[in-house]
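Single-structure report; data block below.
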Amino acid sequence: MISFDPARRLFHLRNDHVSLVLWLRPDEAGAEELLTAYLGAALNDPAVCLPLISQREGASFDSLRQVLPYACPTEGRGDFRPALVCAEDGQGQRCTELFYESYEITSGKPALEGLPASYVEDPAEAETLEITLRDGLTGLTARLRYTLFAALPVIAVSVLYGNSGGEALTLANAGSACLTLRGRYDFIHLHGAWAKERSVERVAPAAMTRCVSSSRGASGHEHNPFAVLAAPDATEFFGECFGAALVYSGDFLIAADENAFGTTRLTLGLNPRTFRWRLAPGDSLQSPEALIAYSDKGLNGMSQALHSLIRRRVCRGYWRDRERPILINNWEATYFNFDQEKIMKIARAAADAGIELFVLDDGWFGKRNNDDCSLGDWAVNREKLPGGLEGLAKDINALGLKFGLWFEPEMVSPDSDLYRAHPDWCLHAEGRRRSTARHQLILDMSRRDVQDYVIEAVSAVLRSAPIGYVKWDMNRNFKEAGSELLSDGRQGEIGHRYMLGLYRVLEAVTAAFPRVLFESCSGGGGRFDAGMLYYMPQTWTSDDSDAVERLRIQYGTSLCYPTSAMGAHVSAVPNHQVGRITSMRMRGDVALGGNFGYELDLSAQTPEDMEEIRRQVRQVKAIRRTTQQGTFTRLQSPFDGGITAWQFADGSRVILCAYRVLNRPNAAPASIRLQNVPDGLYTAPDGNAVTAGDLMRAGVALAFPRGDFASCVMVFEKRQ
Ligand code: DGJ
């Protein structure tokens, strides 16, 4: 899969789907620079791309530097495009030259120290190429690591930066990956805000730098650490696309720079705006990992590659491949206003409907009856729950439900015993105010003592009762971020040190409780990224659970993330976020596209709605293996108006889900053609037999009920 041609100085990473060609090209003084000569569909001979780069040889070296596809571009060398790395010496001089030193090819994929990353279970699943570059003057080294997965069009890229010199360096930029493609590309990204996360935006080619980023201390609601370069004619089903996702949950920058010479450079990694890192002699810094997926079958092909990798080789643990339990969460049913009796009433109705897990949300600890206190005081409130968590969990278990619990472990309320005891434990900048958001401050997760406190505080609660699920929330972003322990000009390290500390905590807690299902959350989907999914295999997709809004949110999220990662719940009407009234049927039909659950007062539903809920629960149990682990295909986009549709398929069934938001008078009959249906004969919902080919060629008629907010889910069971 990975070969090196010493004569032509070419590395070729190739499988059946994709080729990446790296070239060691001598500069004017004969030192070798590393170039990304090609990325795209699998090549036979990697040397075919060399003339495409060298055709500018007529140009002077000066102008050539502006076009060469450097794999690890630095500052101060006349490249002028966004760089991947910037290292300052003691005088603040930023000019560095990275030349080839050595390479190594190994089978499998090494782990990234302290960071989430994709992995293999068998060394035959992947091969890894490591190329070391070095700057002779400062001693800066960059070890670029490229892992090609054997069965997928995906390459994982990261860089280990080091200081082999005698003086300290400061990294002002330490990116993860840089790729240069020939041609112009649409830039597709996912943007939004609280309750409207991950809308798809497609920006036409432009001779400029288009970028998305976060400087919030979390990947954020606003931009996702994921972007696509797509050929302007690429659709969901046709054309070339390059998807790039960071396996990281903090500040990031993804930039696509198009120059006047017909090339587009994509760089991604830590956000230089909020990042600095002191590299003492002998020190090293590992960049987060970037996942690069190639597709010549449109956006669906790219998404399916990322889904496979993230679902099976980023997510880990007991729950990775298991069907996820149907849950009821009390947040929108009660908010902070609950007691044991109210909870048990909802739990009894849930048990009666066949639901499998009860999740007790915010408000169970300290004196927390609203959001202005008690974060950090993780002791049960016995006024609300006289039997404690253990008593409640046992009562809920007795109904046949598992018990789950909400935490927000990274936070502290100023009105808490924890803050009174340790006012120095929160992020703060000396001499500045400590601004709260939602009345809370952020614990300084860069500190070992704070990390150890959080590990023990959460673990103690998990040991105290039979808790089978944890919702790990995080409800505010950084302001005045600094750490009391960072001295010597190192405050610029806080964002990344926070993430490293958080990852250490998540590793410790999830490893200590391997059977607990962890779901991450950040005011809904404010930290929905592959980094969090490494520790917790599912994320609460959005606080907006309105069925119509969720079509856009889940569709956009699916560009990168598998449905097994998305929490999707049926909530009350009028919807608490937008006031819309949709049918129970449509709410269920939208939520079954993720990890299904309810977020309403089940003890206050009409008999008709309860009957529909029982039907939904039975249906989800029957098909969730396919909806959570099968192949997901987007058919029609909610961003185009009209009907939204998507499809799930595995060896046993195909499920078509279609949604019509607003009805129109005198409309043409609606139908849709399925895609990539596995060969065979299927039983249609009406009992008739239908072939895979006919489902794809002729399509199926969509039988929407009359009126607005209509949905139609059709299950085609494969005949054996
Ligand atoms: C934000 C989450 O997204 C909600 O689901 C809920 O858990 C609240 N926090 C609780 O404070």
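The values are calculated or read from the model by the stated rules, or taken from the named source; none is laboratory data. Computed from a predicted model, the values in this text were never measured in an experiment. Here the Cβ positions follow ideal geometry from the backbone for every residue, glycine too, while neighbour counts run over all protein chains shown. Calculation scope for accessible area: heavy atoms of the full protein, side chains included, ligands and nucleic acids excluded. Shrake-Rupley method; radii C 1.70, N 1.55, O 1.52, S 1.80 Å.
Here Tyr469 meets each of (1) closer than 19 Å to Ser249 by Cα; (2) open to solvent by less than 10 Å² (accessible area, probe 1.4 Å); (3) within 16 Å of the ligand (Cβ to nearest atom) with one exception, condition (1).
Just to be sure, is Ala429 over 25 Å from the mean Cα position of the chain (by Cα), touching a residue at least 40 places away in the same chain (Cβ under 8 Å) and in a helix (DSSP H, G or I)? It is false that Ala429 is over 25 Å from the mean Cα position of the chain (by Cα), touching a residue at least 40 places away in the same chain (Cβ under 8 Å) and in a helix (DSSP H, G or I).
Taking Thr170 as the residue in question, decide whether it is crowded, with 16+ Cβ neighbours inside 10 Å, farther than 19 Å from Arg14 by Cα and among the β-branched types (Val, Ile, Thr). So Thr170 fits the description; yes. Filtering region 187-206 to residues that are in contact with a helix residue (DSSP H, G or I) (Cβ under 7 Å, 6 or more places away or on another chain) and either farther than 21 Å from Asp529 by Cβ or assigned to a strand (DSSP E or B) (or both) leaves Leu190, Ser199, Val200.
All told, Glu493 falls short of being over 21 Å from the mean Cα position of the chain (by Cα), at positive phi and at pLDDT 95 or above.
Quick check on region 433-445. Is at least one of its residues open to solvent by 30 Å² or more (accessible area, probe 1.4 Å) and in contact with a His (Cβ under 6 Å, 6 or more places away or on another chain)? Within region 433-445, one or more residues are open to solvent by 30 Å² or more (accessible area, probe 1.4 Å) and in contact with a His (Cβ under 6 Å, 6 or more places away or on another chain). When residues in region 366-376 are screened for being buried (at least 20 other Cβ atoms within 10 Å of the Cβ) and of a type outside the set (Gly, Ala, Ser), 2 of them pass. Please enumerate the residues belonging to region 146-164 that are open to solvent by 40 Å² or more (accessible area, probe 1.4 Å) and assigned to a strand (DSSP E or B). Answer for region 146-164, where residues must be open to solvent by 40 Å² or more (accessible area, probe 1.4 Å) and assigned to a strand (DSSP E or B): just Leu160. Using the structure shown, decide if Tyr119 is outside any loop (DSSP other than H, G, I, E, B), open to solvent by 30 Å² or more (accessible area, probe 1.4 Å) and of a type in the set (Ser, Thr, Tyr). Taking the combined requirement at face value, the residue does not satisfy it. Scanning region 667-720 for residues that are in a helix (DSSP H, G or I) and open to solvent by less than 40 Å² (accessible area, probe 1.4 Å) returns Ala692, Gly693, Leu695.
Residues in region 583-601 that are open to solvent by 10 Å² or more (accessible area, probe 1.4 Å) and among the hydroxyl-bearing types (Ser, Thr, Tyr): Ser583 only.
Could we say that Ile455 is more than 25 Å from the chain's Cα centre (by Cα) and within 21 Å of Val380 (Cα to Cα) here? In short, no. With respect to being within 16 Å of the ligand (Cβ to nearest atom) and touching a Pro at 6+ places or on another chain (Cβ under 7 Å), Leu441 fits the description. Only strands (runs of 3 or more DSSP E) whose full extent lies in region 509-599 are considered here, and the ones with at least 2 residues that are within 16 Å of the ligand (Cβ to nearest atom), at negative phi and not polar (S, T, N, Q) are 517-520, 566-571, 595-599. Every listed requirement among (1) within 24 Å of Arg433 (Cβ to Cβ); (2) touching a helix residue (DSSP H, G or I) at 6+ places or on another chain (Cβ under 9 Å); (3) surrounded by fewer than 19 Cβ atoms within 10 Å (Cβ to Cβ) is met by Ser487 save one, (2).
Condition check ((1) touching a residue at least 12 places away in the same chain (Cβ under 8 Å); (2) within 24 Å of Phe365 (Cα to Cα); (3) out of contact with any strand residue (DSSP E or B) (no Cβ under 8 Å at 6 or more places or on another chain)) across all residues:
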site	(1), (2), (3)
Ser435	yes, yes, yes
Asp452	no, yes, yes
Ile455	yes, yes, yes
Ile467	yes, yes, no
Val470	yes, yes, no
Gly482	yes, no, yes
Arg490	yes, no, no
Gly501	yes, no, yes
Phe518	yes, yes, no
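Quick one: is Leu662 at pLDDT 95 or above, among the hydrophobic types (A, V, I, L, M, F, W, C) and open to solvent by 20 Å² or more (accessible area, probe 1.4 Å)? Taking the combined requirement at face value, the residue satisfies it. Restricting region 101-116 to residues that are open to solvent by 50 Å² or more (accessible area, probe 1.4 Å) and part of a loop (DSSP other than H, G, I, E, B) leaves a set whose member that is farthest from Trp277 (Cα to Cα) is Ala111. Per the listing Asp449, Asp362, Asp372, Asp424, the residue uniquely within 16 Å of the ligand (Cβ to nearest atom), under 30 Å from Glu493 (Cα atoms) and modelled with pLDDT of 95 or more is Asp372. Here region 608-644 is the region considered, the condition is being under 21 Å from Glu549 (Cβ atoms) and without any contact (Cβ under 8 Å) to a residue 40 or more places away in the chain, and the residue that is most open to solvent (accessible area, probe 1.4 Å) is Asp640.
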